[in-house]
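Visitor: Dropping a structure here in structure tokens format, bear with me for questions.
The values are calculated or read from the model by the stated rules, or taken from the named source; none is laboratory data. This structure is a prediction, so every number in the text was calculated from the model and none was measured. Positions of Cβ are backbone-derived with ideal geometry, glycine not excepted, and every protein chain shown enters the neighbour counts. Note: accessible area is taken over every heavy atom of the protein model, side chains too, but ligands, DNA and RNA are not part of it. Shrake-Rupley method; radii C 1.70, N 1.55, O 1.52, S 1.80 Å.
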Amino acid sequence: MDLTRREFLGYTVGAMSLMGAPLPQLSPASAAERRLKKWRVFSSNQSVLPESSAGYRAVIPPRRYKFEPWEQPDSMTDCSLVIMSSVCVLPEKLAERLRSCLQRGTTVIVESGAGFASHLEFRKHRRSLREGLGLHVAAPVNLWSPPRATPYVDYTWPTRTRVRDFTRLIPPAEQPGEIIAWADDLPVALRRRVGSGTLIYIGSPLGPALLMGDIEAIRWLYTVAYAA
Amino acid sequence: MKKAIGDNMIPRDWGFDRGLALIKQAGYDGVELWLGDMPWFQMSTTDAQVRDLRRKVENAGLVVSNVSTGLHWASPLSARDPAVRAQASRIVERQIETATLLGTDAILVVAGLVTDEVPYNEVYQRCVDGLKRLGDNAARAGVKIGCENCNSEQRFLLSPREFAQFLNDINSPAVGLHLDVGNIHDTGFAEQWIEIHGPRITRIHLKDVLKHRGRCGDQSVYTNLFLGDNNWPAIRAAMSKVGYDGWLIAEMESRYRFALDQQFHDTSHAMDRFITGRL
């Protein structure tokens with residue numbers, strides 16, 4: 001089921017009005033803007049931060065999400081946006097399906113949930129992302145050791161947005177793609193064209209901020225979804 | 001009302017038995033056991049050893065008033081790390097288990113900790129979620145979880161109405177307030193907390209507070225009963241108004257430098273005057 005721009009604006013304005021936040025400045029509707037396709041958030045036993053999945057669930061219109069196991073056949077077809085929330089180890093079969101989605105033009109968000117993982121789990125995480133999606137990630141960083149001056153991640157794409165960090169960061173390593181978020185001088189998120197689609201890697205979970213009603217995080221997600 | 005004092009007031013080199021004897025001699029009815037504070041009551045203490053603690057308490061002519069812990073300052077229910085949250089839940093579960101073994105029906109939990117790293121909204125939501133689940137466990141065991149108002153230290157649930165909303169959101173009859181009348185500092189009045197929470201109060205910690213000293217450096221704001229700024233007649237009157245007739249537990253932060261046993265006696269006498277209203 002599709003969501004029109006009018007529906008999108010309705011959800012966004014409604015959510016922001018409820019929270020008493022100033023409304024974002026959105027550009028006027030354009031006839032060229034295409035209708036949105038399906039958005040999907042997938043959670044499975046690979047999701048290690050349930051509150052992150054819950055965050056996406058809280059802000060995405062019910063008609064737009066399915067929290068079905070990714071193993072369901074064809075569950076990702078015809079999606080304009082696929083979100084893998086708080087991923088630890090990415091199974092090869094899932095990676096294969098994500099690659100297929102990317103080739104078809106889907107925007108895929110892979111959110112790392114390995115910040116608090118053990119050393120062994122992190123090594124599996126890093127290997128599965130590298131082998132599955134060609135994503136290279138660096139060792140975890142505890143942003144709060146020593147305490148930070150500002151607790152924020154600054155996103156530079158698709159809109160300039162500031163969202164709270166989530167303590168542990170798995171930075172993207174040097175690789176092809178554009179860094180789209182920073183925590184001070186540390187890269188946090190990366191986007192890369194893959195086939196006709198876009199792969200977005202987020203090294204600091206966004207879902208908890210969504211769950212807590214962070215209006216900037218919600219706006220970032222909607223902007224990505226709308227661009228997909 | 002009955003009087004108790006924490007086992008963490010017992011000088012470490014005295015041991016549990018000598019400490020219990022002093023508590024009884026000083027006129028208390030019970031003892032509050034602090035999980036993780038003293039060598040005789042740790043997370044690793046077995047059920048058999050816990051039963052032995054109960055036997056010692058009863059042999060001393062006392063009962064266990066409740067099970068408290070300071071372990072949640074290091075392992076809060078509000079932590080971002082799921083492993084730390086799991087440990088926090090395990091601590092509460094062990095408190096519930098040991099409360100049953102010790103023959104008491106109340107535990108104290110420091111619910112959440114707001115820091116510059118972990119913001120208020122996250123702390124609130126995780127605590128509500130965690131305590132809903134733990135409240136079910138407590139209800140099955142016939143134990144009440146008292147969330148302590150550590151207002152200034154937690155930077156959380158700073159007003160009595162907000163605390164009431166928090167308990168409403170948890171919505172469990174097994175989760176209430178363990179009120180510490182000394183923890184409110186200069187953000188409110190203990191007697192108003194008592195009025196607002198009434199039947200939801202599981203236990204009451206007694207200590208006095210120097211409201212204008214501030215929590216800075218290593219200078220404690222807490223002091224012995226009647227030396228600080230609490231309005232004790234008003235607190236006593238509020239307890240009568242809401243019909244609180246449960247345990248009063250002395251929690252003295254500052255300790256006497258000499259004659260360590262004297263603090264037990266002085267505090268007990270002060271509590272007697274408070275209970276009888278001779279203020």
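Visitor: Assess whether B:E93 counts as being more than 30 Å from A:Y152 (Cβ to Cβ), away from every other protein chain (no Cβ under 14 Å), modelled with pLDDT of 95 or more and assigned to a helix (DSSP H, G or I).
Guide: yes
Visitor: Being closer than 9 Å to A:C88 by Cα and part of a loop (DSSP other than H, G, I, E, B) is the filter here; which residues of segment A:116-139 pass it?
Guide: A:A117
Visitor: Failed condition for B:N121, given (1) surrounded by fewer than 19 Cβ atoms within 10 Å (Cβ to Cβ); (2) away from chain A (no Cβ under 14 Å); (3) in a helix (DSSP H, G or I), with all others met?
Guide: (2)
Visitor: Now a separate question. Looking at segment B:236-254, which of its residues are within 16 Å of B:G182 (Cα to Cα) and part of a loop (DSSP other than H, G, I, E, B)?
Guide: Selection gives B:E251, B:M252, B:E253, B:S254.
Visitor: Right, here's the next one. For segment B:4-14, name all the residues that are open to solvent by 10 Å² or more (accessible area, probe 1.4 Å) and at pLDDT 95 or above.
Guide: Answer for segment B:4-14, where residues must be open to solvent by 10 Å² or more (accessible area, probe 1.4 Å) and at pLDDT 95 or above: B:N8, B:M9.
Visitor: Can you tell me how many residues within segment B:67-88 are open to solvent by 10 Å² or more (accessible area, probe 1.4 Å) and assigned to a helix (DSSP H, G or I)?
Guide: Here the count works out to 8.
To keep it simple, each residue is scored yes or no on (1) away from every other protein chain (no Cβ under 14 Å); (2) open to solvent by 10 Å² or more (accessible area, probe 1.4 Å).
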residue: A:R99; (1), (2): yes, yes
residue: A:A114; (1), (2): no, no
residue: A:S118; (1), (2): no, yes
residue: A:G132; (1), (2): yes, no
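Visitor: Could you check segment B:31-55 and list, in sequence order, the residues that are part of a helix (DSSP H, G or I), open to solvent by 70 Å² or more (accessible area, probe 1.4 Å) and closer than 26 Å to B:L206 by Cα?
Guide: Within segment B:31-55, just B:R54 meets the criteria.
Visitor: Got a number for residues in segment A:142-177 being within 14 Å of chain B (Cβ to nearest Cβ) and either free of Cβ contacts under 8 Å to residues at least 12 places away in the same chain or surrounded by fewer than 21 Cβ atoms within 10 Å (Cβ to Cβ) (or both)?
Guide: Total satisfying the criteria: 11.
Visitor: So, in segment B:191-208, of the ones that are touching a residue at least 60 places away in the same chain (Cβ under 8 Å) and open to solvent by 10 Å² or more (accessible area, probe 1.4 Å), which residue ends up farthest from B:I275 (Cα to Cα)?
Guide: Residue satisfying both the conditions and the ranking: B:T202.
Visitor: List the number of the failed condition for B:E251; all other conditions in (1) without any contact (Cβ under 8 Å) to a residue 60 or more places away in the chain; (2) buried (at least 18 other Cβ atoms within 10 Å of the Cβ) hold.
Guide: Here B:E251 clears every test but (1).
Visitor: Restricting the first residue to segment B:260-275 and requiring it to be without any contact (Cβ under 8 Å) to a residue 60 or more places away in the chain, which pairs with a second residue that is open to solvent by 40 Å² or more (accessible area, probe 1.4 Å) meet a Cβ separation below 9 Å and a spacing of at least six or different chains?
Guide: That search, which allows pairs on different chains as well, returns B:Q262/B:Y256; B:D266/B:Y256; B:A270/B:F226; B:R273/B:F226; B:R273/B:L279.
Visitor: Also, I was wondering about something else. Go through segment A:203-219 and give me each residue that's in contact with a Pro (Cβ under 8 Å, 6 or more places away or on another chain) and either within 27 Å of A:A138 (Cα to Cα) or more than 12 Å from every other protein chain (Cβ to nearest Cβ) (or both).
Guide: Matches in segment A:203-219: A:G203, A:R219.
Visitor: Among the residues of segment B:257-278, count how many are open to solvent by 10 Å² or more (accessible area, probe 1.4 Å), of a type in the set (A, V, I, L, M, F, W, C) and modelled with pLDDT of 95 or more.
Guide: 2
Visitor: Take the residues of segment B:160-190 that are part of a helix (DSSP H, G or I) and open to solvent by less than 30 Å² (accessible area, probe 1.4 Å): which is nearest to B:A238 (Cα to Cα)?
Guide: This residue is B:A190.
Visitor: Please specify each residue of segment A:178-191 satisfying the condition of being out of contact with any Pro (no Cβ under 6 Å at 6 or more places or on another chain) and without any contact (Cβ under 8 Å) to a residue 24 or more places away in the chain.
Guide: The answer is A:E178, A:D185.
Visitor: Let me ask you something else. Of the numbered conditions (1) modelled with pLDDT under 95; (2) open to solvent by less than 60 Å² (accessible area, probe 1.4 Å); (3) farther than 20 Å from A:R193 by Cβ, A:H125 fails exactly one; give the number of that condition.
Guide: Just one mismatch for A:H125, condition (1).
Visitor: Got at least one residue in segment B:97-112 being assigned to a helix (DSSP H, G or I), surrounded by fewer than 24 Cβ atoms within 10 Å (Cβ to Cβ), within 13 Å of chain A (Cβ to nearest Cβ) and of a type in the set (A, V, I, L, M)? Steps first, answer last, please.
Guide: Applying the first criterion (assigned to a helix (DSSP H, G or I)) to segment B:97-112 yields B:97-102.
Still in the running and surrounded by fewer than 24 Cβ atoms within 10 Å (Cβ to Cβ): B:97, B:100-102.
Checking the rest, the ones that are also within 13 Å of chain A (Cβ to nearest Cβ) come to none.
The answer is no, given that none of the residues of segment B:97-112 is assigned to a helix (DSSP H, G or I), surrounded by fewer than 24 Cβ atoms within 10 Å (Cβ to Cβ), within 13 Å of chain A (Cβ to nearest Cβ) and of a type in the set (A, V, I, L, M).
Visitor: Output the residue which, of all residues in segment B:131-155 that are within 19 Å of the chain's Cα centre (by Cα) and either within 14 Å of chain A (Cβ to nearest Cβ) or modelled with pLDDT under 95 (or both), is most open to solvent (accessible area, probe 1.4 Å).
Guide: Per the criteria, the residue is B:R155.
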